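The block underneath contains the structure these notes are about, expressed in structure tokens.
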Amino acid sequence: MKAVAFLRAVNVGGTAMIAMAELKALAEDIGLAEPKTLLQSGNLVFEAGGKTAGALEKLLEREIAERLGVETDVMVRTAGQLKAAIARNPFPKEAKSDPSLLHVRFLKSPASAAAVASLSRAIKGREIAKGTGSEVFIYFPDGAGSSKLTNAVIERHLARGTSRNWNTVTKLAEMT
């Protein structure tokens, strides 16, 4: 079974620096077969070997902290879970017209409809958040870089997590 690990806040703004070659080597060392990385933002595809997503998250978080000296949250999705999330995309038009503006937020624990509604009320710009469960989709029509919908704002309403744009999400799914 293939899986994807999404590392939170890695190689962004000079914090939590992890070379992807080191991440790949770590994965091999702890018995994750066929590890591959995508981009420099902490995306790891590997053969899960029958371990659950939760067990893999704990294993990777512990080993990254011990071996690489970086404390970071890891969200793991199996290939099936990732494909199911892609199928639930509430923004199909935006995914086709400008996939870099559509982000999937992979959460540490599921979001309720009330939590997503609370986040939506907190949005000050034109961004739109939809979805429940372990992934929430956020459309940034004016781009995420200049948005006031920051990680801090999102995490006041949702569990900790990390976001990837639609291009990255679909590439990772193809790799699984």
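Read the figures in this text as sums done on the coordinates, not as results from a lab. Keep in mind that this is a model prediction, so the values were computed, not measured. Here the Cβ positions follow ideal geometry from the backbone for every residue, glycine too, while neighbour counts run over all protein chains shown.
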For the table LYS24/LYS58; LYS36/LYS124; LYS24/LYS51, the rows whose alpha-carbon distance is greater than 28 Å are LYS36/LYS124
By per-residue mean of other Cβ atoms within 10 Å, what is the highest-first order of 42-53, 148-159?
42-53, 148-159
Highest-MSF residue in the chain out of THR37, THR132, THR15 [GNM, Cα springs under 10 Å]
THR15
Net charge of Cβ neighbours under 10 Å - reference THR162; Lys, Arg +1; Asp, Glu -1
+4
Please state the relative contact order of the chain as a whole percent: Cα pairs under 8 Å, 6+ residues apart?
24
Whichever aspartates and glutamates have a C-alpha closer than 15 Å to that of LYS2, once near sequence neighbours (fewer than 8 apart) are set aside
GLU28, GLU34, GLU47, GLU57, GLU174
Normalise the Debye intensity by I(0) for the chain, one equal point scatterer per Cα, no solvent, then take log10 at q = 0.10, 0.12, 0.13, 0.16 Å⁻¹ and round to two decimals.
-0.36, -0.53, -0.62, -0.94
At what distance in nm do the modelled label points of ARG67 and GLU22 sit from each other, each positioned 7 Å from its Cα along Cα→Cβ?
1.2
Between LYS58 and ASN151, what is the FRET efficiency for a Förster distance of 22 Å, r being their Cβ-Cβ separation, to the nearest 0.05?
0.50
How big is the charge dipole of the range 1-114 about its Cα centre, in debye rounded to the nearest 20, if each Lys and Arg gets +1 on its Cβ and each Asp and Glu gets -1 on its Cβ?
520
Using a simple spin-label model with points 7 Å from Cα along the Cα→Cβ vector, what separation in nm is obtained for LYS36 and ASN167?
1.8
Show me the chymotrypsin sites (Phe, Trp or Tyr not before Pro) within the range 86-176 that DSSP assigns to loop and that have at most 16 other Cβ atoms within 10 Å of their Cβ.
none
Other residues with Cβ under 14 Å from the Cβ of PRO99 give, with Lys and Arg +1 and Asp and Glu -1, a net charge of +1
